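Written out below as structure tokens is the structure these notes cover.
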Amino acid sequence: MCAKAKKEAPEAKASAPAEKVTPRFMALYNDEIKAKLFKELKKENVHLVPKLEKIVVSMGVGIATEDAAHVQNAAADLAIITGQKPVITKATKSVSNFKLREGNQVGCKVTLRGARMYEFLERLICIALPRIRDFRGISAKGFDGNGNFSFGLNDQLVFPEINPDKVKRQQGMNITFVTSTTSDADCKAMLKEFGMPFVKNTNAK
């Protein structure tokens, strides 16, 4: 019995779950960005330093009124991009001019928090945005006046996880950063520390 236990021990050890690794951008915020913003923004309390609370990635699929399968295809791509299962969004009212009925599937979205949020942010800034053709930076016009920022991408193929041979149609998306601050300037300062490539000479509200 003891011999059998000794023989099985290595297998049990090998199947033990791997230790979780802190995402690089999460560590960057906690170790460097937070302290730098506290000083530069002259905050009285460290809890007033802006931080990311969630990132919402959504896809509106207008062509879904013709074929609901387009929503499922978009959701599949969004799941690959974010690593999280999307929620299907539905029309809240009927619009006859667009052949839209209440309850029709019109898109999908994912809300990212914690480690997965920081992993997506790093891939977005370091990999996806530099792959945009003739990229000159992100416009700073997407601030909402309450410390949140949104911008759009025209094509899911900027994310290398998407296999172009399996893409059935080009699909854009909207990305919204929801933060703990109500100041657009503070939000912009934080995103710039992460490396968000804003177009030069544009200011937040």
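The values are calculated or read from the model by the stated rules, or taken from the named source; none is laboratory data. Note that this is a predicted model, so its numbers are computed, not measured. FYI the Cβ positions are ideal-geometry reconstructions off the backbone, even for glycines, and counts take in every protein chain you see.
Listed by first and then second residue, the pairs linking a residue in region 65-76 that is polar (S, T, N, Q) to a residue that is at pLDDT 80 or above, with Cβ atoms under 9 Å apart and 6 or more places separating them unless they lie on different chains, are 72/88; 72/108; 73/61; 73/167; 73/168; 73/169; 73/171. A search for C-beta distances below 8 Å between a residue of region 155-183 that is under 22 Å from residue 130 (Cβ atoms) and any residue that is of a type in the set (S, T, N, Q) and part of a helix (DSSP H, G or I), counting only pairs 6+ apart in sequence or on different chains, returns 162/156; 167/156; 170/156; 171/73; 171/156; 172/156; 173/156.
If you go through region 60-82 and keep only what is in contact with a helix residue (DSSP H, G or I) (Cβ under 7 Å, 6 or more places away or on another chain) and either among the acidic types (Asp, Glu) or at pLDDT below 95 (or both), you end up with 61, 63, 64, 65, 70, 71, 77.
Each row is one residue, and each column tells you yes or no for (1) in contact with a Ser or Thr (Cβ under 7 Å, 6 or more places away or on another chain); (2) loosely packed, with under 15 Cβ neighbours inside 10 Å.
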site: 138; (1), (2): no, no
site: 146; (1), (2): yes, yes
site: 154; (1), (2): no, yes
site: 166; (1), (2): no, yes
site: 174; (1), (2): yes, no
site: 179; (1), (2): no, no
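Of the residues 147, 152, the single one that is part of a loop (DSSP other than H, G, I, E, B), small (Gly, Ala, Ser) and closer than 17 Å to residue 56 by Cα is 147. Within region 85-102, restricting attention to residues that are out of contact with any helix residue (DSSP H, G or I) (no Cβ under 6 Å at 6 or more places or on another chain) and either modelled with pLDDT of 85 or more or among the aromatic types (Phe, Trp, Tyr) (or both), which residue is surrounded by the fewest Cβ atoms within 10 Å (Cβ to Cβ)? In this case the residue turns out to be 98.
Considering region 1-45, and only residues there that are among the basic types (Lys, Arg) and assigned to a helix (DSSP H, G or I), the residue that is modelled with the lowest pLDDT turns out to be 4. For beta carbons closer than 8 Å, sequence separation of 6+ or different chains, a first residue in region 105-116 that is in contact (Cβ under 8 Å) with a residue 60 or more places away in the chain and a second that is in a strand (DSSP E or B) and surrounded by fewer than 19 Cβ atoms within 10 Å (Cβ to Cβ), the qualifying pairs are 113/53; 113/54.
Of the residues making up region 157-205, those that are among the polar types (S, T, N, Q) and at pLDDT 95 or above are 174, 176, 179, 180, 181, 182, 183.
Surrounded by fewer than 16 Cβ atoms within 10 Å (Cβ to Cβ), touching a strand residue (DSSP E or B) at 6+ places or on another chain (Cβ under 9 Å) and modelled with pLDDT of 95 or more: is that true of residue 54 in this structure? The answer is yes for residue 54. A Cβ distance below 7 Å, combined with a sequence gap of six or more or placement on separate chains, defines the contacts here; from region 83-97, residues that are within 16 Å of residue 117 (Cβ to Cβ) reach residues that are among the aliphatic types (A, V, I, L, M) and modelled with pLDDT of 75 or more in the pairs 84/110; 84/112; 85/79; 86/75; 86/78; 86/79; 86/110. The residues in region 147-188 that are out of contact with any strand residue (DSSP E or B) (no Cβ under 8 Å at 6 or more places or on another chain) and of a type outside the set (D, E, K, R) can be counted, and the count is 14.
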